[in-house]
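These notes concern the structure reproduced below.
Please treat every number below as a calculation from the coordinates, not as lab data. The model shown is predicted, which means the values in this text are computed figures rather than measured ones. Here the Cβ positions follow ideal geometry from the backbone for every residue, glycine too, while neighbour counts run over all protein chains shown.
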Amino acid sequence: MNVQTIVNELNLSVKCLSDRLGAEVTGGYVGDLLSDVMANSAAGHLWITRQTHQNIIAVASLKDHAAIIIVQGAGPDADTLEKATDEGIPVLVSPLHAFELAGKIYAVLNR
Amino acid sequence: MHPRALVQALVTKGIDIAAITDHNASENIIHVMRAARDTSLAIIAGMEVTTREEAHVLGLFENLENVQRFQKIVYKRLPDTADGVQDCENQPIVNEREEVEGFNMHPLFNATDMPLNEVTDYIHHFGGIAIASHIDRSFFSVMSQLGVVPKEARFDGLEISSSLGIAGGRRWFPELADYPFISSSDAHSLEDVGSSCTRMHLESPCFEEIRLALSRQGGRYILE
């Protein structure tokens with residue numbers, strides 16, 4: 001299952017790289033502490049977070065995440081989107097909060 | 001930043017005292033001190049530590065020896081390089097002759113596993129001043145991570161970022177009126193040097209005078 005499928009299923013808003021959503025999704029991780037996400041997430045994960053600052057791109061790039069999904073309709077900062085485009089990390093937004101979003105994505109991935 | 005270029009930028013901006021506060025590191029401080037030797041610029045040895053909660057805390061120390069003792073603790077409490085490895089080529093140690101002496105191989109971008117109060121306790125234990133970094137920032141600040149400035153952390157001062165400034169900080173945080181506020185450039189590159197500073201009434205530009213100004217003793221104070 002790739003990022004585009006998740007975007008469609010969860011009706012996510014795509015903030016950048018809408019033509020580069022073909023990455024394979026291996027799972028997901030929910031976290032707002034960057035050090036935790038760096039230690040415990042894996043390549044191909046969808047990273048679900050409330051953080052919107054540009055440092056999330058460095059983390060997603062380092063860990064080779066499939067995409068970042070920001071919750072609660074929070075807007076990625078302008079410099080975050082700039083970095084995301086440079087690094088090739090799609091940034092998506094959902095109006096849901098993390099618990100609900102993660103639950104729905106988990107269900108889709110495990111269908 | 002190259003020590004000589006940094007010193008030059010500080011002198012050009014009319015700064016009298018600058019604290020060097022690299023993230024979780026301190027090896028570059030001696031080189032900046034040496035580069036500043038022929039100027040009247042005072043260099044304070046410091047460090048910006050990332051707590052377990054991912055809040056940034058500034059430690060300012062009386063001398064290099066104290067920050068180096070603190071550094072030993074910080075290195076022990078950073079994760080093993082195996083987790084969250086980032087480019088150590090981005091962490092050079094540059095001397096005052098602009099020669100790269102080596103690279104810091106610790107994961108400086110990471111958080112230590114020390115909770116906030118432990119970090120401030122250690123800073124105080126080594127005779128330092130503990131300041132909560134950029135409390136107005138929506139990430140990596142005590143306010144963003146905890147929602148409050150805990151009294152138990154015993155901060156000696158709170159830093160407001162250059163974009164808001166001390167006056168703005170006083171408007172935003174009336175509940176923190178009892179704390180001294182400072183503002184700094186938090187410069188990570190030369191063009192940011194001197195973008196903000198704190199004006200203090202001191203007898204001389206040194207660590208002990210800063211401590212007096214923060215606690216408003218002996219006629220030393222921070223100009224707001």
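Tabulated values for the structure
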{"quantity": "Qualifying residue in segment A:18-30 (condition: hydroxyl-bearing (S, T, Y), surrounded by 18 or more Cβ atoms within 10 Å (Cβ to Cβ) and within 14 Å of chain B (Cβ to nearest Cβ))", "calculated": "no"}
{"quantity": "Some residue of segment B:34-50 being aliphatic (A, V, I, L, M), away from chain A (no Cβ under 14 Å) and assigned to a loop (DSSP other than H, G, I, E, B)", "calculated": "yes"}
{"quantity": "Filtered residues of segment B:132-176 (kept if among the polar types (S, T, N, Q) and within 14 Å of chain A (Cβ to nearest Cβ))", "calculated": "B:S138, B:S141, B:S144, B:Q145, B:S161, B:S163"}
{"quantity": "Subset of segment A:46-63 (residues that are farther than 19 Å from B:S141 by Cβ and within 13 Å of the chain's Cα centre (by Cα))", "calculated": "A:L46, A:W47, A:I48, A:I57, A:A60, A:S61, A:K63"}
{"quantity": "Among the candidates A:A66, A:A43, A:A39, A:A74, residue that is hydrophobic (A, V, I, L, M, F, W, C), within 13 Å of the chain's Cα centre (by Cα), closer than 26 Å to B:P79 by Cα and within 14 Å of chain B (Cβ to nearest Cβ)", "calculated": "A:A43"}
{"quantity": "Enumerated helices (runs of 4 or more DSSP H) restricted to segment B:99-210, each holding at least 2 residues that are closer than 24 Å to B:L78 by Cβ and touching a residue at least 40 places away in the same chain (Cβ under 8 Å)", "calculated": "B:116-125, B:142-146"}
{"quantity": "Residues located in segment B:143-185, provided they are closer than 21 Å to B:G127 by Cβ and surrounded by fewer than 14 Cβ atoms within 10 Å (Cβ to Cβ)", "calculated": "B:E152, B:R154"}
{"quantity": "Among (1) closer than 15 Å to B:E65 by Cα; (2) in contact (Cβ under 8 Å) with a residue 40 or more places away in the chain; (3) part of a helix (DSSP H, G or I) - the single one B:L6 does not satisfy", "calculated": "(1)"}
{"quantity": "Residue count, segment A:46-63 (criterion: small (G, A, S) and away from chain B (no Cβ under 12 Å))", "calculated": "1"}
{"quantity": "Filter result (in contact (Cβ under 8 Å) with a residue 40 or more places away in the chain and either among the β-branched types (V, I, T) or surrounded by fewer than 20 Cβ atoms within 10 Å (Cβ to Cβ) (or both)) within segment B:23-39", "calculated": "B:H23, B:E27, B:V32, B:R34"}
{"quantity": "Per-region count, segment A:31-51, residues buried (at least 19 other Cβ atoms within 10 Å of the Cβ) and touching an Asp or Glu at 6+ places or on another chain (Cβ under 8 Å)", "calculated": "5"}
{"quantity": "B:L60 being more than 14 Å from every other protein chain (Cβ to nearest Cβ) and either within 21 Å of B:I135 (Cα to Cα) or touching a Pro at 6+ places or on another chain (Cβ under 7 Å) (or both)", "calculated": "yes"}
{"quantity": "Hits in segment A:68-98 (condition: on the phi > 0 side of the Ramachandran plot and either in contact (Cβ under 8 Å) with a residue 60 or more places away in the chain or aliphatic (A, V, I, L, M) (or both))", "calculated": "A:G88"}
{"quantity": "Selection within segment B:201-219 - surrounded by fewer than 19 Cβ atoms within 10 Å (Cβ to Cβ) and touching a helix residue (DSSP H, G or I) at 6+ places or on another chain (Cβ under 9 Å)", "calculated": "B:H201, B:E203, B:Q217, B:G218, B:G219"}
{"quantity": "Residue match in segment B:3-15 (condition: under 19 Å from B:S184 (Cα atoms) and among the polar types (S, T, N, Q))", "calculated": "yes"}
{"quantity": "Every residue from segment B:35-64 that is within 14 Å of the chain's Cα centre (by Cα) and over 30 Å from B:M143 (Cβ atoms)", "calculated": "B:N63, B:L64"}
{"quantity": "Matching entry among A:I68, A:I105, A:I6 (being of a type outside the set (S, T, Y), crowded, with 22+ Cβ neighbours inside 10 Å and closer than 27 Å to B:A55 by Cα)", "calculated": "A:I68"}
